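Written out below as structure tokens is the structure these notes cover.
The values are calculated or read from the model by the stated rules, or taken from the named source; none is laboratory data. Model, not experiment: these values are computed from the prediction. In this analysis, Cβ positions are derived from the backbone assuming ideal geometry, glycine residues included, and neighbour counts consider all displayed protein chains. Quick note on the areas: whole protein, heavy atoms, side chains included, nothing else; ligands and nucleic acids left out. Shrake-Rupley method; radii C 1.70, N 1.55, O 1.52, S 1.80 Å.
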Amino acid sequence: MTRQLIADLMKSETGLDSVVIQGWVRTRRDSKTFFFLEINDGSCLKSMQAVVNEDAAGYADSKGIATGASVTVKGRLVASQGKGQKWEIQADSVELVGSADETFPLQKKRHSNEYLREIAHLRPRTNFYGAVFRIRSKLAFAIHRFFNDRQFFYVHTPIVTASDCEGAGELFRVSTLDPKNPPLGEGGEIDSSKDFFGRSTYLTVSGQLEGETYASALGNIYTFGPTFRAENSNTSRHASEFWMIEPEMAFCDLAADMDLAEEFVKSVIKEVMESCADDLELFFNFIDKELRQRLEFVLSRPFQRVTYTEAVEILQACGKKFENKVEWGVNLQSEHERYLTEEHFKSPVTVYDYPKELKPFYMRANDDGKTVAAMDVLVPGIGEIVGGSQREERLELLLENMKKHGISEKDYWWYVDLRRYGSMPHAGFGLGFERLLMFITGVGNIRDVIPYPRVPGHAEF
RNA sequence: UGCCCUGUAGCUCAGUGGUAGAGCAGGUGACUGUUAAUCACUUGGUCGUUGGUUCGAAUCCAACCGGGGCAGCCA
């Protein structure tokens, strides 16, 4: 007899004569001749209450069945006499599978997220983290479905890469050289040609450039995989290892790119709200009282859309004191982005057409000579969740840009080739998976939505 | 990387210069339906570390270590 999932039993229309559940004891309440067990098997937020009378098999040996232990309970699914649950199991037998002694760190009370991070191997056994990671799974699936439904192809871009991409932040080096005795070149520098790949390699910071090559063949593609940034960022929304979704569309301009980003965010939120209603209740009730309203608001209204220039004008005219001055040509700071999305528009905002000096070499120059076809989607509470652009498809302009940014044409020969052979307008964006999950759950720290978060100084587990 | 906050029992925290406390958890007992069960009793501490000030330091000061927040960088 195989175990049945509590998620399924909870939905049962009728009582059942013979059921088996296996899971972990959340709490035990003793009475003189019987006890209650609350058992969670991870299949859903709810735990199943089992009533174990003294005539149940295993009752005599049940002393070790305490919080944290794993158990098998066989019995009948019956309507509960008590309040708080529809169904409970009247146990015919109870069996201790694996005990948990009094050192088991999870107690039947609230723990701080900071404490639970230190026991990240056990925290998924709590209601909060169980819900986070069930939703994480469903969200990932919703993302694949979104693209699959629209005939996008899923491309696996490399995780080890040689492109010191975009001249952006620091990269993690990938090497098999002996750090104590690396081969040296004539100038005393490490000779990467002797390394495993015959050159310097890194963990990817983005699959975009490779994604563009596949969009230039399959049409519409997306990537969804781990991404690594070695920046010494210490904030609640940065991790050194995170997952990113990067669609890339051939024959597509910035307007359609923004349309897709907005549709994407709405669609996956809608799907998660339907498929994870129970788990989301926990966040609505205990994490953020305004969360439900905010998600429904996002679904019901179009995103606001402003150019960078308009955003600057709004910020300059709003009369609010900012720590950092707002000036055309300067990056919007967190406080500015937050003002736009949280106070001025009170909704997600897409800001587009940024000054070209602020953006990387691959973004397409606009006709005004000053801006590029870039866009960021900002959401309340988190800030930037999507960054994207239309790519520069014109060979001469791309080469010119690369020169300006000090990027070697030789290293990116294959990327430049796309502009030589059948070039076409194309666009895409990158979306931080964890940031989206934070937005949907209202969880305030990225370390609480990744099973084993990697941040500067921390790689335990 | 910069600025700020913080470290007391297994957990959450009180104690702010004069003999270390509470709730929960753990243990023992009671209880015929509990829901973070309840009730009674009970175990449990080099007050992060090192140094300094003081007759006396959990308390004041410094450094270091750990945790957190904000900013920059971005997703």
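Using alpha-carbon positions, what is the distance between the centroids of the stretch A:269-348 and the stretch A:95-143, in Å?
The stretch A:269-348 and the stretch A:95-143 have Cα centres spaced 30 Å from each other.
Label A:Asp417 and A:Ala217 with points 7 Å out from Cα along Cα→Cβ: what is the distance between them in nm?
1.0 nm
Quantify, in whole percent, the carbon and sulfur part of the accessible surface of chain A (1.4 Å probe; protein heavy atoms only).
49 percent
If I model a spin label as a point 7 Å beyond the Cα along the Cα-Cβ vector, how far apart are those points for A:Glu170 and A:Asn113 in nm?
2.6 nm
Using alpha carbon centroids, what distance separates the stretch A:396-461 and the stretch A:186-235, in Å?
Taking the Cα centre of the stretch A:186-235 as reference, the centre of the stretch A:396-461 is 10 Å away.
Helix-derived [θ] at 222 nm for chain A: sum -39500 (n - 2.57) over DSSP H runs of at least 4, divide by residue count, nearest 500?
Theoretical 222 nm ellipticity from helices: -8000 deg cm²/dmol.
Using mean Cβ contacts within 10 Å as the protection proxy, how do A:303-315, A:36-48 order, highest first?
Descending packing order for the listed peptides: A:36-48, A:303-315.
For chain A, what is the accessible area per residue in Å², given a 1.4 Å probe and the full set of protein chains?
50 Å²
Would you tally the net charge around A:Ser267, using a Cβ to Cβ cut-off of less than 10 Å, leaving A:Ser267 out, and scoring K and R as +1, D and E as -1?
So the environment of A:Ser267 carries a net charge of 0.
So, by mean Cβ neighbours within 10 angstrom, what's the order for A:171-183, A:287-299 with the highest one leading?
Put in order of decreasing packing, that is A:287-299, A:171-183.
Full-extension gain between A:Glu342 and A:Asn53, please, as 0.36 nm times their residue separation minus the C-alpha to C-alpha distance.
98.6 nm
Return the subset of A:Lys321/A:Lys359; A:Lys266/A:Lys346; A:Lys63/A:Lys108 for which the Cα-Cα distance in this structure is over 24 Å, preserving the input order.
Too far apart for the 24 Å limit: A:Lys321/A:Lys359.
Can you tell me the 0 to 90 degree angle between the C-alpha axis of helix A:291-300 and the longest principal axis of chain A, rounded to 10?
Roughly 50 degrees between the two axes.
Using a cut-off of 9 Å between beta-carbons, work out the net charge of the residues near A:Arg364 (Lys and Arg +1, Asp and Glu -1, A:Arg364 not included).
-1
Arrange the peptides A:20-30, A:186-196 so that the one whose residues have, on average, the most other Cβ atoms within 10 Å appears first.
In descending order of packing, they fall as A:20-30, A:186-196.
Label points 7 Å out from Cα along the Cβ direction at A:Phe34 and A:Glu186: separation in nm?
Going by the 7 Å Cα→Cβ label model, 8.8 nm.
Defining a contact as two alpha carbons under 8 Å apart and six or more residues distant in sequence, what relative contact order in percent does chain A show?
The normalised contact order for chain A reaches 13 percent.
With a cut-off of at most 13 other beta carbons within 10 Å, and DSSP calling the residue loop, which GluC sites (Glu not before Pro) in the stretch A:340-426 qualify? Please list them.
A:Glu409
Could you give the length gained on full extension between A:Ala255 and A:Glu323, defined as 0.36 nm per residue of separation minus the Cα-Cα distance, in nm?
Here the segment from A:Ala255 to A:Glu323 would lengthen by 21.2 nm.
May I ask you to evaluate 6.51 cos²θ - 1.76 cosθ + 1.60, the Karplus curve with θ = phi - 60°, for each residue of the stretch A:398-404 and list the ³J(HN,Hα) values in order in whole Hz, giving x for glycine and proline?
5, 4, 4, 4, 4, 4, 4
Which loop-located chymotrypsin sites (Phe, Trp or Tyr not before Pro) does the stretch A:327-386 contain, where loop means any DSSP state but H, G, I, E or B and the Cβ has at most 14 other Cβ atoms within 10 Å?
A:Trp328
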